[in-house]
1. Looking at the stretch 191-209 only, could you name the residues that are in a loop (DSSP other than H, G, I, E, B) and either surrounded by 19 or more Cβ atoms within 10 Å (Cβ to Cβ) or hydrophobic (A, V, I, L, M, F, W, C) (or both)?
2. Exactly one condition in (1) farther than 30 Å from G99 by Cβ; (2) surrounded by 15 or more Cβ atoms within 10 Å (Cβ to Cβ) is false for E241; which is it?
3. Quick one: is E77 over 25 Å from H176 (Cα atoms), open to solvent by less than 50 Å² (accessible area, probe 1.4 Å) and over 16 Å from the mean Cα position of the chain (by Cα)?
4. Can you pull out every residue in the stretch 26-47 that is in contact with a Lys or Arg (Cβ under 6 Å, 6 or more places away or on another chain) and crowded, with 24+ Cβ neighbours inside 10 Å?
5. More than 16 Å from the ligand (Cβ to nearest atom), under 20 Å from the mean Cα position of the chain (by Cα) and within 30 Å of K130 (Cα to Cα), is that true of S12?
6. Scan the stretch 192-212 and report the pairs whose first residue is free of Cβ contacts under 8 Å to residues at least 40 places away in the same chain and over 21 Å from P37 (Cα atoms) and whose second residue is surrounded by fewer than 23 Cβ atoms within 10 Å (Cβ to Cβ) and basic (K, R), with Cβ atoms within less than 6 Å and a gap of 6+ or a chain change.
7. Just to check your reading of the model, which residue among K133, K178, K156 is touching a residue at least 24 places away in the same chain (Cβ under 8 Å), among the basic types (K, R) and buried (at least 21 other Cβ atoms within 10 Å of the Cβ)?
8. Does any residue in the stretch 1-29 that is at positive phi come within less than 6 Å, Cβ to Cβ, of a residue that is among the hydrophobic types (A, V, I, L, M, F, W, C) and open to solvent by less than 40 Å² (accessible area, probe 1.4 Å) six or more places away or on a different chain, and which pairs are these?
Amino acid sequence: MKTRTVKHIAKSSHERVGFNFTVRRPLPSAGLKQIDPFLMLDHFGPFYQKPNEQGGVSEHPHRGFETVTIMLEGQVEHRDSSGGHGTLKAGDVQWMTAGSGLIHSEMPPDEFRKTGGTVHGIQLWVNLPKRDKMTKPHYQDISAAQIPVVKSEDGKSVVRVIAGEAFGVKGAAETHTKVIALHLMLEPQSRTEIKVPADFSAFAYIMQGQADFENGGMAKESELALFENDGDGVAVKNAGEETLNMLLLAGEPIGEPVVSYGPFVMNSPEEIHQAIEDYQSGRMG
Ligand code: MN
């Protein structure tokens, strides 16, 4: 395996979304509009939600892409305009295909709101190719137990295979284009190598700790490391003194024009105008 070098380190901006909700956002960021097929990555929390405090994000639409929510702590309940409903708990993943569009809310469930608690997670936006942008909306609610876990022999490196493949193990989520989504947890000094096809875009996002990608590339908490297309794998070592908690994301580039406006991501300005009109006239979801 030839491991890739780091091309760019992106720092997160701090953005406010929903009620009382601040996220770290390394993608998009200065000098990094998208990493085809990945459009956005938001890291929410960890923060403590006080008992009876409002939280989450109220009703809003999406069209033309997928939202992937990875819960690390706390809970989120989603409800949508077509009656779709589910609750994500720590370790669970929701892979939502917005497709032709829906209106949904992402809120703490009532029970959780009453007691309060720590909320921590990731929301990733994955683009859809033109052929699938108007597909029927679809959810994959994937519980932590359904996500394959690959452990090293010494138990010091753990990889949760959310999508794609790692170490010959297939991930839990179905995807529209070829996507690899892995959640890595490495103890100090442990190291692993992951296969990533040479033509895939690839990046890592550090949720906690310090990563050494060898070949001179390092990244720490809140930073995104974008890899060059100069190898068929990624090597990572925990260079810090705490657990390294990291996402590795890779995908086959879609290579189509991207025209986005807030929660709508299409291929042309006309399709964006149509999305706004459909939403405003109640024809979405
Ligand atoms: Mn949403």
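1. Listed by number, the residues that qualify are V196, A198, F200, G209.
2. E241 satisfies all of (1) farther than 30 Å from G99 by Cβ; (2) surrounded by 15 or more Cβ atoms within 10 Å (Cβ to Cβ) except (2).
3. No.
4. H43
5. Judged against the criteria, S12 is a match.
6. Q210/K220; D212/K237
7. K133
8. Correct list of pairs: G18/V57.
The values are calculated or read from the model by the stated rules, or taken from the named source; none is laboratory data. Bear in mind the structure is a predicted one, so any value in this text is a computation, not a measurement. Note that we place each Cβ from the backbone using ideal geometry, even for glycine, and neighbour counts take in every protein chain shown. We work out accessible area using only protein heavy atoms, side chains counted, and drop any ligands, DNA or RNA first. Shrake-Rupley method; radii C 1.70, N 1.55, O 1.52, S 1.80 Å.
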